[in-house]
1. Using beta carbons and a limit of 7 Å, which pairs, at least six apart or on different chains, have the first residue in segment 15-40 and within 23 Å of Asn204 (Cβ to Cβ) and of a type in the set (Ser, Thr, Tyr) and the second one assigned to a strand (DSSP E or B) and at pLDDT 90 or above?
2. Only one of these conditions is not met by Leu105: (1) under 21 Å from Phe159 (Cα atoms); (2) in a loop (DSSP other than H, G, I, E, B). Which number is it?
3. Go through segment 153-184 and give me each residue that's buried (at least 18 other Cβ atoms within 10 Å of the Cβ) and under 30 Å from Leu79 (Cβ atoms).
4. Quick one: count up the residues across segment 128-173 that are in a loop (DSSP other than H, G, I, E, B) and among the hydrophobic types (A, V, I, L, M, F, W, C).
5. For the subset of segment 22-36 comprising residues that are open to solvent by less than 40 Å² (accessible area, probe 1.4 Å) and more than 11 Å from Asn179 (Cβ to Cβ), which member is nearest to the chain's Cα centre (by Cα)?
6. Among the candidates Leu140, Leu77, Leu122, which residue alone is in contact with a strand residue (DSSP E or B) (Cβ under 8 Å, 6 or more places away or on another chain), closer than 25 Å to Val235 by Cβ and open to solvent by less than 70 Å² (accessible area, probe 1.4 Å)?
7. Could you list, ordered by first residue, the pairs with Cβ atoms under 7 Å in which the first is in segment 150-163 and modelled with pLDDT under 80 and the second is acidic (Asp, Glu), at least 6 apart or interchain?
8. Of the residues Arg212, Arg147, Arg194, Arg133, which single one is over 30 Å from Leu81 (Cβ atoms) and surrounded by 15 or more Cβ atoms within 10 Å (Cβ to Cβ)?
Amino acid sequence: HALKMGLDVRRLIDNGNSSNDYGVLSFTQDISGNPAAAYMLGFPRTVDSAEGLPITGSRQWRFGMYLQDDWRVSHKLTLNLGLRYDLDPAPVDAFGTSRTLRFDLSPTGPVLWPDPGKTEKLWESNLYKVAPRFGFAYRLDPRTVVRGGYGIFFIAAHFDNMNILQANPPVAPTITITNPTVNPVATIQNPMPRSIVSQVPIFNVVSVEQDRRHWDGYMQNWNFAVGRELTTADVLEVSYVASKGTHLDTSVSNWNSPEPGPGAI
């Protein structure tokens, strides 16, 4: 037996910004039939108001510990047995600028929480990050060996998951207006004319999951290989290698958006 063990303790401090800063103008085909033409005419289809430069003070402790045993069972078989546990309490915003929706505080509907300036955990801590690892090597004969392994590897969430929550009211509220397709009013020079801004504006709000369980992603990796010594200078190895990701962050697929129809640009 060859035992290995270790402990990893980290204190993360990050002051970050993730807002649209000076506003966003989007040009589509709806007004002129072509996005580039709409840009040349100066008519945006939608306009997001500027958010300023709110800063998130993300703070988090992270703990990792592991134990591994390389066990030579016989002159033909060696096993690698390991277990890792990661404890990553939910990060907090030291500046109190980040807010999210809570669905359990009021029977009338979701409310923005916590109050501005307060430091709270915005989602529940993920305490179930147990990652086993297993590997083996078996010598079939003096010139042939079979190897394989499986392991789970958790991903430490980046603070971008928190930084976007700083855009919620009243810290950096965003209003989106839509330009009429006929006789458009908003222009590049005057992107938010009073005439098309609602008297009771609806602010864009971003939030974590409704049940406040923001799971960190993890990867499962496994492989199987057979190696054969052909000559004293040549070795042939054939391997199967695979992986599977779960709870991964992605901006590629927006599940709320329908597939584009015929003629979409």
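1. Listed pairs, sorted by first residue: Ser26/Thr46.
2. (1)
3. Phe154
4. 6
5. Restricting to residues being open to solvent by less than 40 Å² (accessible area, probe 1.4 Å) and more than 11 Å from Asn179 (Cβ to Cβ), the top hit is Gly23.
6. Of the residues listed, the single one that is in contact with a strand residue (DSSP E or B) (Cβ under 8 Å, 6 or more places away or on another chain), closer than 25 Å to Val235 by Cβ and open to solvent by less than 70 Å² (accessible area, probe 1.4 Å) is Leu77.
7. Ala157/Asp216
8. Result: Arg212 is the single residue among Arg212, Arg147, Arg194, Arg133 that is over 30 Å from Leu81 (Cβ atoms) and surrounded by 15 or more Cβ atoms within 10 Å (Cβ to Cβ).
The values are calculated or read from the model by the stated rules, or taken from the named source; none is laboratory data. Remember, it's a predicted structure, so these values are computed and weren't measured experimentally. We place every Cβ from the backbone using ideal geometry, glycine too, and count neighbours over all the protein chains shown. All accessible areas refer to the heavy atoms of the entire protein, side chains included, with ligands and DNA or RNA removed. Shrake-Rupley method; radii C 1.70, N 1.55, O 1.52, S 1.80 Å.
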